[in-house]
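Just below is one structure, and these are the notes that go with it.
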Amino acid sequence: MKKYLFFIIIIGVVLVVSCSKNTDVTVNTSNTIDTPATPFNLIAPFGFPPIIIPNNNKMTVEGIALGRKLFYDPMLSLDNSQSCGSCHNQRFAFTDSTLQFSKGITGEIGTRNAMPIMNLAWERKFFWDGGAATLEDQVIGPITNPIEMHETLNNVLSKLNKHNEYPRLFKRAFGTDSITTQLLMKAVAQFERTIISANSKYDKYVRGEAELTFDELKGKELYEDQKKGDCFHCHVLGSTFTDFDFRNNGLDSIFTDLGRYKNTLKETDKGKFKTPSLRNIELTAPYMHDGRFKTLDEVLEHYNSGFKVTSQNLAADIALAEKGRLSNEEKQQIIAFLKTLTDTEFINNPNFKKP
Ligand code: HEC
Ligand code: HEC
């Protein structure tokens, strides 16, 4: 009788222990793994157009944090030495320091100047030639490019899937710990969309919080004057400072880089490149798709007198411009205006730093 009682007690204890274990596991799961990710509402700053987020990649707090970790993780490169952040440095508005061409992991250099990462939530095509149609698609390019991170997607996925943190972080962000290329692209794009610059001196001026100096105001007038700077047609004054279009601004009469044509194979696209935003332009030297100009003075002289009228597909605004129309003083005033687009809060924003 005593024996049976003993067994019943043992069974009872085992049941209680296993039940409480089970409840523990369930509690854990619901608190840290199965809770849906927290929706994140990305709000357009004052004066900017609304932001359209793709339906298949709604932003979440967890998705953005994961994208940020991936952006700064050298694991995405073949020898674990280079991250997106290696070439896109916040201090230089996410361009590659003052380098004309970035170095890949093998030390090989590319042929194009690294672009800033900012206000991409409004952009329609990515890369100088618009080679990526969405911000999600763009993520794969640098990882697999042999002169950049030189890694295969299979390797990246296998490294991530074996990692001691990533499967859990993907599960938190996307509800699955099976990491795919699609999810990697989505996470990085979510982080990239948050990288917004909208608090320069110019923005403060627009909001009535700061005043521009005489020269800055004069520069703004020249920027908008069709007979003078005439910059605003392409670098649209206001919020994004670009028309999102592809243009030939007359750099060459013989093209070494065919630009937009590489993707469309249209004769009318030869020599056209994406109109870059001019925000933070003071910080992103050298300039143009091939970084040929070291200073803003050189850029202004290009638009004043350097543009090649014989360049195929030259933009009409530039073809019609009179050479030598800007005095030295006027060029300096336009530069003074451009410098009001520098956003020091942006380059110090802790949310964009390496986590
Ligand atoms: C070796 C340096 C290097 C690395 C590493 C690198 N990039 Fe870039 N990035 C560039 C260059 C150069 C360009 C311009 C390329 C072109 O237009 O052909 C560019 C362009 C871009 C653009 C286009 C911006 C626009 O306005 O169209 C985005 C976005 C971008 N990179 C994000 C990333 C992400 C995300 C990673 C990591 C997965 C990354 N980059 C890794 C050098 C680099
Ligand atoms: C017809 C459209 C057009 C006009 C007008 C125009 N730009 Fe541009 N701008 C572009 C394009 C396109 C590029 C990129 C060209 C390239 O790299 O091949 C560019 C590049 C630049 C760059 C280099 C940006 C970078 O990130 O490297 C600066 C600075 C610039 N423009 C300033 C100006 C100023 C100042 C004016 C007026 C004096 C002006 N632009 C007028 C279309 C234009």
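Data for the structure
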| quantity | calculated |
| --- | --- |
| Residue, nearest to ligand 1 (Cβ to nearest atom), within region 116-128, restricted to residues that are assigned to a loop (DSSP other than H, G, I, E, B) and of a type in the set (A, V, I, L, M) | Ile117 |
| Selection status of Thr152, more than 30 Å from Tyr303 (Cβ to Cβ), within 11 Å of ligand 1 (Cβ to nearest atom) and in the same structural domain as Ser102 (by TED's automatic domain parsing) | no |
| Region 206-244, subset in contact with a Ser or Thr (Cβ under 8 Å, 6 or more places away or on another chain) and at positive phi, residue surrounded by the fewest Cβ atoms within 10 Å (Cβ to Cβ) | Phe244 |
| Filter pass, Lys125 being touching a residue at least 12 places away in the same chain (Cβ under 8 Å), of a type in the set (Lys, Arg) and farther than 27 Å from Thr256 by Cβ | no |
| Residues of region 102-115 that turn out to be near ligand 1 (Cβ under 7 Å from one of its atoms) and open to solvent by 40 Å² or more (accessible area, probe 1.4 Å), as a count | 2 |
| Among the candidates Phe191, Phe293, Phe214, Phe255, residue that is among the aromatic types (Phe, Trp, Tyr) and under 30 Å from Asn154 (Cα atoms) | Phe191 |
| Test for Phe170: is it touching a Lys or Arg at 6+ places or on another chain (Cβ under 9 Å) and either more than 23 Å from Arg260 (Cα to Cα) or not aliphatic (A, V, I, L, M) (or both) | no |
| Residue within region 142-152 that is open to solvent by less than 50 Å² (accessible area, probe 1.4 Å) and β-branched (Val, Ile, Thr) present | yes |
| Top-ranked residue of region 123-143 - restricted to ones that are more than 16 Å from ligand 2 (Cβ to nearest atom) and under 12 Å from the mean Cα position of the chain (by Cα), ranked as nearest to Leu183 (Cα to Cα) | Glu136 |
| Any hit, region 125-133, residues being open to solvent by 60 Å² or more (accessible area, probe 1.4 Å), on the phi > 0 side of the Ramachandran plot and touching a Pro at 6+ places or on another chain (Cβ under 7 Å) | no |
| Selection count where residues are within 16 Å of ligand 2 (Cβ to nearest atom) and either free of Cβ contacts under 8 Å to residues at least 24 places away in the same chain or surrounded by fewer than 19 Cβ atoms within 10 Å (Cβ to Cβ) (or both), scope region 74-89 | 1 |
| Candidate set from region 272-327 (those that are under 30 Å from Asn89 (Cα atoms) and of a type in the set (S, T, N, Q)); member that is farthest from ligand 1 (Cβ to nearest atom) | Thr295 |
| Selection within region 315-355 - surrounded by fewer than 18 Cβ atoms within 10 Å (Cβ to Cβ) and in contact with a Lys or Arg (Cβ under 7 Å, 6 or more places away or on another chain) | Arg325, Pro355 |
| Leading residue by the ranking (farthest from Glu108 (Cα to Cα)) among those in region 39-90 that are touching a Gly at 6+ places or on another chain (Cβ under 7 Å) and assigned to a loop (DSSP other than H, G, I, E, B) | Gly47 |
| Qualifying residue in region 245-261 (condition: open to solvent by 60 Å² or more (accessible area, probe 1.4 Å), near ligand 2 (Cβ under 7 Å from one of its atoms) and either outside the structural domain of Gly130 (by TED's automatic domain parsing) or over 20 Å from the mean Cα position of the chain (by Cα) (or both)) | yes |
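One line per residue, one yes/no per condition, for (1) near ligand 2 (Cβ under 9 Å from one of its atoms); (2) open to solvent by less than 40 Å² (accessible area, probe 1.4 Å); (3) assigned to a loop (DSSP other than H, G, I, E, B); (4) modelled with pLDDT under 95:
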position: Leu278; (1), (2), (3), (4): yes, yes, yes, no
position: Ala285; (1), (2), (3), (4): yes, yes, yes, no
position: Leu300; (1), (2), (3), (4): yes, yes, no, no
position: Ser305; (1), (2), (3), (4): no, no, no, no
position: Gln312; (1), (2), (3), (4): no, no, yes, no
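The values are calculated or read from the model by the stated rules, or taken from the named source; none is laboratory data. The model shown is predicted, which means the values in this text are computed figures rather than measured ones. Reconstructed Cβ throughout: ideal geometry from the backbone, glycine too, with neighbour counts over all protein chains shown. Keep in mind that these areas ignore ligands, DNA and RNA; they rest on the heavy atoms of the full protein, side chains included. Shrake-Rupley method; radii C 1.70, N 1.55, O 1.52, S 1.80 Å.
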